[in-house]
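Just below is one structure, and these are the notes that go with it.
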Amino acid sequence: MPSFNKPETLQLLQGGQALFPALVQAFDAADRWIQLETYIFDVHGAGADVADALVRAARRGVTVQVLVDAVGTGLLPAEWREKFSAAGVRWCAYSPVGSGLGFLVPERWRRLHRKLCVVDEQIVFCGGINVLDDFYDPNHGELQAPRFDFAVAVTGPLAAEAAEAMALLWWRVQAGYSARQRHLNEAWEKFKAAGYGGRTDASLLAQPGDSGLAALPGLSRPKAALVLRDNLRNRHSIERAYRRAIGKARQEIIIANAYFLPGGKLRRALMRAARRGVRVTLLLQGKYEYFMQYHAARPVYGALLAAGVEIHEYSTSFLHAKVAVVDGHWATVGSSNLDPLSLLLAREANVVVEDRAFASELSARLREAVMHHGVRIDPAVYGQRPLGRRIQGWMAYALMRLALLLTGQRY
């Protein structure tokens with residue numbers, strides 16, 4: 001079970017329009033250490049504001065470490081590579097695929113999908129939002145409406161916990177690179193010198209008192225836990241957190257998830273909840289983005305609809321959220337989709353919150369999206385969908401299962 005603690009402050013942030021100004025504010029107040037992990041780091045539009053704030057922090061002596069996924073984030077423009085290098089921003093790519101047919105190796109499918117940022121071990125930002133402008137998509141260009149996504153900002157013990165996990169991953173990536181370059185001892189010495197190898201540098205330890213940030217609105221005293229998914233000890237941590245909450249549900253479950261293809265256990269948990277009278281509402285991706293993720297989800301709709309689960313598809317813009325609320329008191333915000341890549345292969349991070357005020361705010365925003373931007377799937381219409389669409393769905397589903405088989409995963 002996740003270890004809950006009482007954060008000092010907690011704030012729900014919707015979209016990059018809310019998250020990016022909060023990040024810039026935190027970066028400009030930082031005086032020791034900024035850790036940032038993201039799948040996509042794009043300097044188009046609002047992403048440049050985040051990048052500029054990192055440069056400003058590094059120039060005044062703050063240790064700035066940015067870990068991006070090598071597949072999600074391509075090579076930065078030369079201008080930004082020069083800016084980061086000159087300022088001293090430490091930039092590293094997670095698990096480069098290499099040239100040729102490297103991506104055909106199943107091990108390379110394990111990606112860094114976490115969206116985490118910790119500043120001075122005092123505030124942590126966690127959610128599904130990449131460093132990517134809300135109104136821009138690398139594959140589709142300018143968007144008419146903002147991407148639908150969430151993050152949460154938490155101060156207190158959770159930030160130090162996240163900082164430790166991020167420091168460990170940073171060292172592992174650095175050590176792996178140095179080992180390939182035959183400089184493992186050098187990597188370890190750099191890790192210790194940076195202050196998080198045995199916590200030898202007191203300047204990087206969290207100090208009591210003011211975090212240097214302005215007071216956040218909408219504060220409460222909830223309980224919160226950081227739930228990480230990796231391929232070692234925490235392989236099923238996020239899925240178990242979902243299943244535990246769904247299994248205890250008695251009134252209502254609201255889930256918004258971009259790429260939805262849950263395994264049998266999670267699907268059955270949702271169906272059992274609906275059959276015992278819980279109102280189960282799913283807000284899923286309605287705009288076509290990727291063939292497998294879009295079509296593979298459709299074959300699982302039938303059983304869910306038959307059990308009484310409501311399915312709504314969000315079509316106003318791209319839905320990228322990975323959030324849920326159960327019975328008005330349990331909520332989660334994070335990076336993990338409910339699909340095989342997130343639940344079985346990628347490194348993910350979610351924050352789980354036990355608090356009625358926070359859950360109420362999140363559920364209100366989800367209800368508004370369902371009511372004004374969702375299209376409900378009619379079970380009768382779904383059952384009469386054209387044969388071509390059924391074939392596409394089963395093809396995508398079969399390809400997804402084959403991919404999992406190649407990785408040795410059971411789902």
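The values are calculated or read from the model by the stated rules, or taken from the named source; none is laboratory data. Everything numeric here is computed off the predicted structure, so don't read it as measured data. Reconstructed Cβ throughout: ideal geometry from the backbone, glycine too, with neighbour counts over all protein chains shown. Note: accessible area is taken over every heavy atom of the protein model, side chains too, but ligands, DNA and RNA are not part of it. Shrake-Rupley method; radii C 1.70, N 1.55, O 1.52, S 1.80 Å.
Taking first residues from region 342-354 that are closer than 17 Å to I246 by Cβ and partners that are surrounded by 24 or more Cβ atoms within 10 Å (Cβ to Cβ) and hydroxyl-bearing (S, T, Y), the Cβ contacts under 8 Å between residues at least 6 apart in sequence or on separate chains come to S342/S335; S342/S336; L343/S336; N350/T332; N350/S335; N350/S336; V352/T332; V353/T332. Among residues of region 311-329 being under 13 Å from I377 (Cα atoms) and in contact with a Leu (Cβ under 7 Å, 6 or more places away or on another chain), the one that is surrounded by the fewest Cβ atoms within 10 Å (Cβ to Cβ) is E313. Taking each residue of region 252-276 that is within 14 Å of V325 (Cα to Cα) and charged (D, E, K, R) and looking for partners that are modelled with pLDDT of 95 or more and outside any strand (DSSP E or B) with beta-carbon atoms closer than 9 Å, six or more apart or interchain, yields E252/V278; E252/D327; E252/G328; E252/S363. Residues that are touching a helix residue (DSSP H, G or I) at 6+ places or on another chain (Cβ under 6 Å) and surrounded by 21 or more Cβ atoms within 10 Å (Cβ to Cβ) within region 271-294 comprise A273, V280, L283, listed in sequence order.
Within this structure, L266 fails the test of being touching a strand residue (DSSP E or B) at 6+ places or on another chain (Cβ under 7 Å) and closer than 23 Å to R389 by Cα. Scanning for something modelled with pLDDT under 85 and open to solvent by less than 30 Å² (accessible area, probe 1.4 Å), does region 354-377 turn up at least one residue? Scanning region 354-377, I find no residue that is modelled with pLDDT under 85 and open to solvent by less than 30 Å² (accessible area, probe 1.4 Å), so the answer is no.
Say whether the condition of being surrounded by fewer than 17 Cβ atoms within 10 Å (Cβ to Cβ) and acidic (D, E) is met by at least one residue in region 62-74. Looking for residues that are surrounded by fewer than 17 Cβ atoms within 10 Å (Cβ to Cβ) and acidic (D, E), one finds none in region 62-74, hence no. Within region 43-81, the residues that satisfy the criterion of being over 20 Å from the mean Cα position of the chain (by Cα) and charged (D, E, K, R) are D49, D52, R56, R59, R60, E79, R81. Residues that are closer than 25 Å to R347 by Cβ and surrounded by fewer than 17 Cβ atoms within 10 Å (Cβ to Cβ) within region 75-87 comprise L75, R81, listed in sequence order.
Under the condition of being open to solvent by less than 40 Å² (accessible area, probe 1.4 Å) and among the hydroxyl-bearing types (S, T, Y), which residue from region 1-59 is farthest from A357 (Cα to Cα)?
If we take residues in region 1-59 being open to solvent by less than 40 Å² (accessible area, probe 1.4 Å) and among the hydroxyl-bearing types (S, T, Y), then T38 is farthest from A357 (Cα to Cα).
If you go through region 224-251 and keep only what is β-branched (V, I, T) and either part of a helix (DSSP H, G or I) or free of Cβ contacts under 8 Å to residues at least 12 places away in the same chain (or both), you end up with I238, I246. As for region 348-366, it holds no residue that is part of a helix (DSSP H, G or I) and either touching a helix residue (DSSP H, G or I) at 6+ places or on another chain (Cβ under 6 Å) or over 27 Å from P222 (Cβ atoms) (or both). From the list A175, A215, the lone residue that is over 18 Å from L19 (Cα atoms) and at pLDDT below 85 is A175.
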